[in-house]
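**Q** The structure that follows is given in the form of structure tokens.
The values are calculated or read from the model by the stated rules, or taken from the named source; none is laboratory data. This is a predicted model, so every value here is computed, not measured. Every residue, glycine as well, gets a Cβ built from its backbone with ideal geometry; the counts of neighbours run over all protein chains shown.
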Amino acid sequence: MTPKNADALIDDRPQDKVFGVDRSVFTDEAVFQDELRLIFEGTWVFVGLETQLPRPHSFFTTHIGRQPVLVMRDGEDKIGAFLNTCRHRGLILCPFRRGDQKFHTCRYHGWTYDSSGRNALVTDRQVGQYTPRFAQLDHDLVRVPRLAGYRGLLFASLNPDVPDLEEHLDEARTFIDLVLDQSPVGQVEFVPGDVTYTFQGNWKLQFENGLDFYHFQSTHSAYLDIVAKRFAEGTAGALSAEPEQEAPVQGSFNFRHGHAVNWSIKNTDNASGRKPLRLEVDAVRARVGATRAKWMLRQRNLTIFPNLQIIDVQSMQLRTWRPLAVGVTEITSHCLGIVGESAEARRLRIRNYEDFFNPTGLASSDDNLMFEYCQDGYAAEAGPTQGYERGLASRPDGAADYAAELGISPVESAVGELFFGGEMNFLPGYREWRRLLSRGRNR
Amino acid sequence: MTPASVDPALRALAADLLFREADALDNQDWANWLAMYREDARYWVPAWIDEHRTTADPDTELSLIYHTTRRGLEERVGRIQSRKSITATPLPRTLHLIAGLTIAEADTEAMRVRSNAAVHVYDARTAAHHVAALRYEHSFRCAPGGGWLIAAKTIVLVNDRMPSVVDFYAL
């Protein structure tokens with residue numbers, strides 16, 4: 001089959017206020033292979049936090065697209081990302097999730113690499129009867145072409161032809177800052193404990209879900225009942241919440257290169273009233289000012305295309321994903337801890353995270369099953385879905401006043417009443433998706 | 001009491017308690033399942049911290065599930081019974097197999113029992129079949145009116161790359 005070109009899969013006519021996504025982007029094997037090569041292995045992807053490498057020679061392993069990757073801090077405190085494969089016979093060099101090792105020795109024939117990726121030993125090299133050409137070969141680990149950090153968030157790209165990271169992140173950086181600046185030392189860390197799961201659906205279902213406020217009341221009604229009951233009984237763990245002074249709304253900002261954030265302002269906010277930040281808000285406000293503290297207390301779902309979401313609600317989740325097949329996605333979910341927060345704030349953050357997120361939580365498990373029912377439903381050849389229509393009639397700079405408070409000028413913005421559930425923030429991701437796929441296919 | 005001198009009658013009692021709990025879960029007999037727990041029961045599924053260690057301190061490390069009273073379990077049961085959660089419409093079928101029972105500690109008031117479980121979870125819609133490999137540790141205490149109640153249960157999920165939903169009935 002000749003796959004439809006990417007332009008035909010995304011029907012984007014801003015002048016006519018039309019936007020549509022072809023269902024096959026969720027189900028087509030050829031599209032999926034292109035996504036791996038041209039998106040996950042073709043642009044900046046999130047790989048981890050610098051705080052996962054606390055000491056010289058600390059390492060962790062991960063994947064970029066299909067490819068196994070080893071990220072290490074060397075003896076001089078420089079962080080490098082390398083393909084996790086021995087140069088000799090190709091096997092996975094480091095089999096561990098994380099640890100501290102000055103040297104990594106291949107378990108097959110003993111070739112050894114140091115924490116800067118340099119080959120330190122070719123076993124029995126002298127008696128190996130190598131040709132002179134062998135000495136000319138590079139025996140070091142293959143370096144991932146681009147690795148950069150933004151305030152401790154590490155991104156890497158297997159494609160060297162990408163803009164600088166800060167330019168790539170565009171003004172989404174402001175929303176990363178709103179997370180990091182909650183910490184007196186400007187750092188976040190993963191709370192120890194691994195959470196990994198799969199769902200039987202395409203990765204873009206999770207991408208869309210993080211951008212989606214519309215689903216919340218219906219998908220999570222059982223969870224909302226539980227929370228309402230806890231509030232009625234005084235067991236919700238509500239902290240002394242100052243009521244929002246502003247009218248309740250939902251809004252979103254769209255940034256360049258596929259990123260977007262959706263946020264809400266609520267007067268009676270179950271989520272914000274339970275935020276651990278409430279315990280330390282005076283100190284935070286003194287440090288960052290009233291406007292940014294106000295935004296820190298609001299729910300913000302940040303999506304950094306293609307594989308990172310930071311959900312700042314009654315806890316803080318960082319999730320990232322690895323597409324395993326067109327209809328199978330692996331999610332890695334972390335509870336983000338604010339470095340320097342009190343033990344009580346940390347405990348609350350952990351409890352709130354476990355309550356809501358993950359297959360074992362009372363809300364994410366609903367989402368995960370929704371993705372699977374969507375994936376199965378996409379098998380029906382029922383034409384484009386009507387899932388990119390909410391907000392199409394809104395002004396393209398509808399939330400400009402809110403953006404101005406933060407000193408940003410998003411490419412587009414939208415705002416509406418509390419149950420607006422705008423879908424315009426899905427668009428930048430699909431536009432970047434189309435750009436990357438078209439660029440690669442035309443090469 | 002040391003494990004070597006465990007009374008066979010105590011072993012049989014412990015096995016009966018574990019099988020009763022499994023039976024209640026597999027038969028979706030939530031009321032009787034909850035009734036096996038003390039009100040202050042701790043229910044804990046730690047996360048893994050590396051290849052071989054699970055998290056040890058729920059206040060500074062993550063758990064998959066951590067309830068310090070039976071209330072957390074009651075909420076989970078209520079969510080299933082409400083039929084408002086897609087995870088319960090329909091519920092998968094489950095089958096608990098329990099083996100390797102060891103009495104770790106016991107006296108006349110309390111006993112700590114370790115066992116292994118394989119929980120088969122079958123989704124009748126998709127025919128997807130998942131097996132959760134589990135290590136259980138139950139702490140039982142004598143109930144005031146006779147019999148034994150669960151004071152604490154720790155569940156280690158050995159295969160921790162989870163499917164999309166993992167809830168109490170599948171653990």
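**Q** How about segment A:394-411: which of its residues are within 13 Å of A:Asn425 (Cβ to Cβ) and touching an Asp or Glu at 6+ places or on another chain (Cβ under 7 Å)?
**A** A:Pro396, A:Pro410 - these are the residues of segment A:394-411 that are within 13 Å of A:Asn425 (Cβ to Cβ) and touching an Asp or Glu at 6+ places or on another chain (Cβ under 7 Å).
**Q** Sticking with this one: Identify, from the list A:Gln182, A:Gln136, the residue that is free of Cβ contacts under 8 Å to residues at least 24 places away in the same chain and either of a type in the set (Lys, Arg) or farther than 22 Å from A:Glu432 by Cα (or both). Before you say what the answer is, go through the steps one by one.
**A** Values: A:Gln182 fails: free of Cβ contacts under 8 Å to residues at least 24 places away in the same chain.
Unique residue meeting the criteria: A:Gln136.
Rundown of residues vs (1) at pLDDT below 95; (2) under 23 Å from A:Gln375 (Cβ atoms); (3) among the hydrophobic types (A, V, I, L, M, F, W, C); (4) not assigned by TED's automatic domain parsing to the domain that holds A:Arg435, yes/no style:
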| residue | (1), (2), (3), (4) |
| --- | --- |
| A:Lys4 | yes, yes, no, yes |
| A:Pro14 | yes, no, no, yes |
| A:Arg37 | no, yes, no, yes |
| A:Glu50 | no, no, no, yes |
| A:His57 | no, no, no, yes |
| A:Val71 | no, no, yes, yes |
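**Q** So which helices (runs of 4 or more DSSP H) stay within segment A:344-443 end to end and still have 2 or more residues that are among the polar types (S, T, N, Q)?
**A** Details: elements: A:364-377, A:400-406, A:427-441.
Filter on segment A:344-443 gives A:364-377.
**Q** Which one of the conditions (1) acidic (Asp, Glu); (2) closer than 20 Å to A:Val261 by Cβ; (3) within 14 Å of chain B (Cβ to nearest Cβ) does A:Glu344 fail to meet, given that it meets all the rest?
**A** It fails just one condition, (2).
**Q** Go through segment B:124-171 and count every residue that is among the charged types (D, E, K, R), crowded, with 19+ Cβ neighbours inside 10 Å and facing chain A (nearest Cβ under 10 Å). Before the answer, list the steps.
**A** Of the residues in segment B:124-171, the ones among the charged types (D, E, K, R) are B:125, B:135, B:137, B:141, B:153, B:160-161, B:167.
Those still in the list that are crowded, with 19+ Cβ neighbours inside 10 Å too: B:153, B:160, B:167.
In the following step, the residues that additionally are facing chain A (nearest Cβ under 10 Å) were identified as B:160, B:167.
The number of residues fulfilling the criteria is 2.
**Q** Moving to a separate point now. Which of (1) at pLDDT 95 or above; (2) not in a strand (DSSP E or B) is the odd one out, the single condition A:Glu280 does not satisfy?
**A** Every condition holds for A:Glu280 apart from (1).
**Q** Of all the residues that make up segment B:53-78, how many are free of Cβ contacts under 8 Å to residues at least 60 places away in the same chain and either under 19 Å from A:His334 (Cα atoms) or among the β-branched types (Val, Ile, Thr) (or both)?
**A** Result for segment B:53-78: 13.
**Q** Tally up the residues in segment A:62-78 that are crowded, with 19+ Cβ neighbours inside 10 Å and among the basic types (Lys, Arg), please.
**A** Residues in segment A:62-78 being crowded, with 19+ Cβ neighbours inside 10 Å and among the basic types (Lys, Arg): 1 in total.
**Q** If a residue counts only when it is within 18 Å of the chain's Cα centre (by Cα), which strands (runs of 3 or more DSSP E) contained entirely in segment A:1-96 have at least 1 such residues?
**A** Because the criterion is at least 1 residues that are within 18 Å of the chain's Cα centre (by Cα), the strands (runs of 3 or more DSSP E) in segment A:1-96 that meet it are A:45-49, A:58-64, A:67-73.
**Q** Also: Could you tell me whether segment A:119-136 includes any residue that is surrounded by fewer than 15 Cβ atoms within 10 Å (Cβ to Cβ), aromatic (Phe, Trp, Tyr) and within 14 Å of another protein chain (Cβ to nearest Cβ)?
**A** In the first step, residues of segment A:119-136 are kept if they are surrounded by fewer than 15 Cβ atoms within 10 Å (Cβ to Cβ); the result is A:123-136.
Subsequent filtering for residues that are aromatic (Phe, Trp, Tyr) retains A:130, A:134.
Pick out the ones that are also within 14 Å of another protein chain (Cβ to nearest Cβ) and you get none.
So far as segment A:119-136 goes, no, none of its residues is surrounded by fewer than 15 Cβ atoms within 10 Å (Cβ to Cβ), aromatic (Phe, Trp, Tyr) and within 14 Å of another protein chain (Cβ to nearest Cβ).
**Q** Looking at segment A:325-333, is at least one residue outside any strand (DSSP E or B), within 11 Å of chain B (Cβ to nearest Cβ) and either in contact (Cβ under 8 Å) with a residue 24 or more places away in the chain or not small (Gly, Ala, Ser) (or both)?
**A** As a first pass, look at segment A:325-333 and keep what is outside any strand (DSSP E or B): A:326-327.
Those left that are additionally within 11 Å of chain B (Cβ to nearest Cβ): none.
The answer is no; no qualifying residue exists.
**Q** Related question: Restricting the first residue to segment A:296-316 and requiring it to be in contact (Cβ under 8 Å) with a residue 60 or more places away in the chain and under 17 Å from A:Phe426 (Cβ atoms), which pairs with a second residue that is in a loop (DSSP other than H, G, I, E, B) and among the hydrophobic types (A, V, I, L, M, F, W, C) meet a Cβ separation below 7 Å and a spacing of at least six or different chains?
**A** Pairs that qualify, where the first residue is in contact (Cβ under 8 Å) with a residue 60 or more places away in the chain and under 17 Å from A:Phe426 (Cβ atoms) and the partner is in a loop (DSSP other than H, G, I, E, B) and among the hydrophobic types (A, V, I, L, M, F, W, C), are A:Asn301/A:Leu211; A:Thr303/A:Leu211.
**Q** For segment A:295-314, does any single residue satisfy the condition of being modelled with pLDDT of 95 or more, in contact with an Asp or Glu (Cβ under 9 Å, 6 or more places away or on another chain), in a helix (DSSP H, G or I) and more than 13 Å from chain B (Cβ to nearest Cβ)?
**A** The answer is yes; a qualifying residue exists.
**Q** The conditions are (1) of a type in the set (Ser, Thr, Tyr); (2) more than 30 Å from A:Gly99 (Cβ to Cβ); (3) facing chain A (nearest Cβ under 9 Å), and B:Thr54 fails exactly one of them. Which is it?
**A** Answer for B:Thr54: the failing condition is (2).
**Q** Test A:Val281 against the criterion of being under 30 Å from B:Pro58 (Cβ atoms) and in contact (Cβ under 8 Å) with a residue 60 or more places away in the chain, and give yes or no.
**A** no
**Q** Now for a different question. Specify the residue that is nearest to A:Ile265 (Cα to Cα); the eligible residues are those in segment A:354-393 that are crowded, with 19+ Cβ neighbours inside 10 Å, away from chain B (no Cβ under 14 Å) and touching a strand residue (DSSP E or B) at 6+ places or on another chain (Cβ under 6 Å).
**A** The selected residue is A:Gly391.
**Q** Quick one: which of B:Tyr66, B:Tyr43 is facing another protein chain (nearest Cβ under 9 Å) and in a strand (DSSP E or B)? Talk me through it step by step, then tell me what you get.
**A** Numbers: B:Tyr43 fails: facing another protein chain (nearest Cβ under 9 Å).
The conditions single out B:Tyr66.
**Q** Just to be sure I understand the filter: pairs with C-beta atoms under 8 Å, separated by 6 or more residues or on different chains, first member in segment A:95-106 and more than 14 Å from every other protein chain (Cβ to nearest Cβ) and touching a residue at least 12 places away in the same chain (Cβ under 8 Å), second member of a type in the set (Gly, Ala, Ser) and surrounded by 14 or more Cβ atoms within 10 Å (Cβ to Cβ). Which pairs pass?
**A** Listed pairs, sorted by first residue: A:Lys102/A:Ser115; A:Phe103/A:Ser115; A:Phe103/A:Ala120; A:His104/A:Ser115.
**Q** Name, by its number, the condition in (1) free of Cβ contacts under 8 Å to residues at least 60 places away in the same chain; (2) away from chain B (no Cβ under 14 Å); (3) over 30 Å from A:Val18 (Cβ atoms); (4) not aromatic (Phe, Trp, Tyr) that does not hold for A:Asp401.
**A** Here A:Asp401 meets the rest and fails (3).
**Q** Residues that are more than 30 Å from B:Asp167 (Cα to Cα) and more than 14 Å from chain B (Cβ to nearest Cβ): which strands (runs of 3 or more DSSP E) entirely in segment A:140-229 hold 3 or more of them?
**A** Values: elements: A:146-150, A:153-157, A:188-190, A:196-199.
It comes to A:146-150, A:153-157.
**Q** Can you confirm whether B:Thr87 is within 11 Å of chain A (Cβ to nearest Cβ), surrounded by fewer than 16 Cβ atoms within 10 Å (Cβ to Cβ) and either touching a His at 6+ places or on another chain (Cβ under 7 Å) or closer than 29 Å to A:Lys229 by Cα (or both)? Break it down into steps so the answer makes sense when it comes.
**A** On the way: within 11 Å of chain A (Cβ to nearest Cβ): yes; surrounded by fewer than 16 Cβ atoms within 10 Å (Cβ to Cβ): no; either touching a His at 6+ places or on another chain (Cβ under 7 Å) or closer than 29 Å to A:Lys229 by Cα (or both): yes.
In short, no.
**Q** Could you please find all residues in segment A:97-111 being among the polar types (S, T, N, Q) and either buried (at least 18 other Cβ atoms within 10 Å of the Cβ) or in a loop (DSSP other than H, G, I, E, B) (or both)?
**A** So the first thing to find is which residues in segment A:97-111 are among the polar types (S, T, N, Q), and the list is A:101, A:105.
Within segment A:97-111, just A:Gln101 meets the criteria.
**Q** Continuing with the same structure: Of the residues in segment A:285-308, how many are of a type outside the set (Lys, Arg), surrounded by fewer than 22 Cβ atoms within 10 Å (Cβ to Cβ) and within 25 Å of A:Gln250 (Cα to Cα)? I'd like the intermediate steps shown before the answer.
**A** Residues of segment A:285-308 that are of a type outside the set (Lys, Arg), as a first pass: A:286, A:288-291, A:293, A:295-297, A:299, A:301-308.
Narrowing further to those that are surrounded by fewer than 22 Cβ atoms within 10 Å (Cβ to Cβ): A:286, A:288-291, A:293, A:295-296, A:299.
After this cut, where a residue has to be within 25 Å of A:Gln250 (Cα to Cα) as well, the list is A:288-291, A:293, A:295-296, A:299.
So the count comes out to 8.
**Q** Criterion first (surrounded by fewer than 19 Cβ atoms within 10 Å (Cβ to Cβ) and either more than 14 Å from the chain's Cα centre (by Cα) or not aliphatic (A, V, I, L, M) (or both)) does B:Glu21 satisfy it?
**A** no
**Q** Just checking, which of A:Glu41, A:Glu35 is surrounded by 20 or more Cβ atoms within 10 Å (Cβ to Cβ) and touching a residue at least 60 places away in the same chain (Cβ under 8 Å)?
**A** A:Glu35
**Q** Turning to a different aspect of this structure: From the list B:Thr102, B:Thr126, B:Thr94, which residue is of a type in the set (Ser, Thr, Tyr) and either in a loop (DSSP other than H, G, I, E, B) or farther than 18 Å from B:Arg20 by Cα (or both)? Lay out the reasoning, then the answer.
**A** On the way: B:Thr102 fails: either in a loop (DSSP other than H, G, I, E, B) or farther than 18 Å from B:Arg20 by Cα (or both); B:Thr94 fails: either in a loop (DSSP other than H, G, I, E, B) or farther than 18 Å from B:Arg20 by Cα (or both).
Every option except B:Thr126 fails the conditions.
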